[in-house]
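What follows is one structure encoded as structure tokens, with my remarks underneath.
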Amino acid sequence: MNNSKTIPQIIRLEEASSTNHYLRDLLARGPLPEGSVVVTENQTAGRGQIGNVWESEPGKNLTFSLVLYPDCIPANRQFLISQIAALSVKETLEAYTGDVTVKWPNDIYWKDKKICGMLIENDLSGHNMYCSVIGIGINVNQKVFRSNAPNPVSLWQIVGEETDKEAILNRFLHIFYNYYLWLLQEKQDEIRNLYRKSLYRGDGFFSFADEHGIFEASVYDIELTGHLILRLHNGDLRRYAFKEVSYV
Ligand code: BTN
């Protein structure tokens, strides 16, 4: 990525089906500079993780995607991208409120509520370049949510006033590019440590559920692959991939 202080290309759309989808379509047609961003006021078919819909009231929130070409990062280390994106959103939101954490793997929480979700899609672009499309939805000025499903909260509900979405995007991009430079400089231990410290329910024992039922455990480690290692009261360790375990 361009590591000078120049501003990356930002494509602004009134409406898109999904910014991830739009960006991936563009990439299939021709290369874009690394760090290019697509941001829209309204997604008509916003996508969440595991095939969920991402709902966002038109004009109220930040919905955007950006592209990286992280050739130098081995496939089994791609979780680092997720980590720097999560850390960047966390730090961005901390300019406005406290109590922001990263819920493994990359949801951003305020207290016990979800304020931001991410959908990261890794692809070969039409030009045989390995690319990572990072889609981020931050609930900024939405006042009411139709569904309680991901236990959503917006910045407006926290701070009681509207926040400039553009300022949030600019702050995020600035922080993110700095973390991306860390990644390119192989500062992965620093990233891992920060991520570990930023975790939702990162210290102490909490209830989790896996396919066998509910149990208590504490977070022991997050592997570079992104696997979550939980430690039971008796010291046994359990290793989970995304969606194999949930917080209760
Ligand atoms: C989740 O938590 O389920 C992931 C939500 C990801 C939403 C963002 S909004 C911008 C980008 N475009 C999409 O269609 N999804 C992501």
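The values are calculated or read from the model by the stated rules, or taken from the named source; none is laboratory data. Quick caveat: nothing in here was measured; it's all calculated off a predicted structure. In this analysis, Cβ positions are derived from the backbone assuming ideal geometry, glycine residues included, and neighbour counts consider all displayed protein chains. Only protein heavy atoms, including side chains, enter the accessible area calculation; ligands, DNA and RNA are left aside. Shrake-Rupley method; radii C 1.70, N 1.55, O 1.52, S 1.80 Å.
Measure up 165/187; 111/197; 103/143; 90/111 against 21 Å on the Cα-Cα distance and list the ones that go over.
Details: 165/187 30 Å; 111/197 15 Å; 103/143 23 Å; 90/111 12 Å.
Among 165/187; 111/197; 103/143; 90/111, the Cα-Cα distance tops 21 Å for 165/187; 103/143.
Against the globular-protein guess of 2.2 N^0.38 Å, express the Cα radius of gyration of segment 10-197 as a ratio, rounded to two decimals. Before the final figure, lay out each step's value.
Working: Rg = 15.7 Å, N = 188, 2.2 N^0.38 = 16.1 Å.
Taking the Cα Rg and dividing by 2.2 N^0.38 Å, one obtains 0.97.
For segment 88-102 and segment 33-87, what is the separation of their Cα centres, given in Å?
Cα centres, segment 88-102 to segment 33-87: 17 Å.
At 0.36 nm per residue, and after removing the present C-alpha to C-alpha distance, how many nm does the segment from residue 205 to residue 97 gain when stretched out fully?
Numbers: separation 108, 0.36 × 108 = 38.88 nm, distance 2.57 nm.
Stretched out fully, the residue 205 to residue 97 stretch lengthens by 36.3 nm.
Measure off 7 Å from each Cα along the Cα-to-Cβ vector at residue 29 and residue 15, then give the distance between these two points in nanometres to one decimal.
Rounded to a tenth, the inter-label distance reads 1.8 nm.
Could you give the accessible area per residue of segment 10-197, probe 1.4 Å, as a whole number in Å²?
Numbers: 8340 Å² over 188 residues.
For segment 10-197, the solvent-accessible area averages 44 Å² per residue.
With every protein chain left in place, what is the accessible area of residue 129 in Å² (1.4 Å probe, nearest 10)?
Residue 129 has an accessible surface of roughly 70 Å² with all protein chains in place.
Quick test of the membrane-span-like rule: which DSSP H helices of the chain reach at least 20 Å along their long axis (C-alpha atoms) with mean Kyte hydropathy at least 0.0? Provide the component values of the computation, followed by the final result.
Details: long enough: 79-93 (21 Å, 1.19); 165-184 (28 Å, 0.42).
Passing helices, by number: 79-93, 165-184.
For segment 206-247, give the percent of accessible area contributed by carbon and sulfur heavy atoms, probe 1.4 Å, rounded to a whole number. Intermediate results must be reported in sequence, preceding the final value.
Values: 1090 of 2370 Å².
Answer for segment 206-247: carbon and sulfur cover 46 percent of the accessible area.
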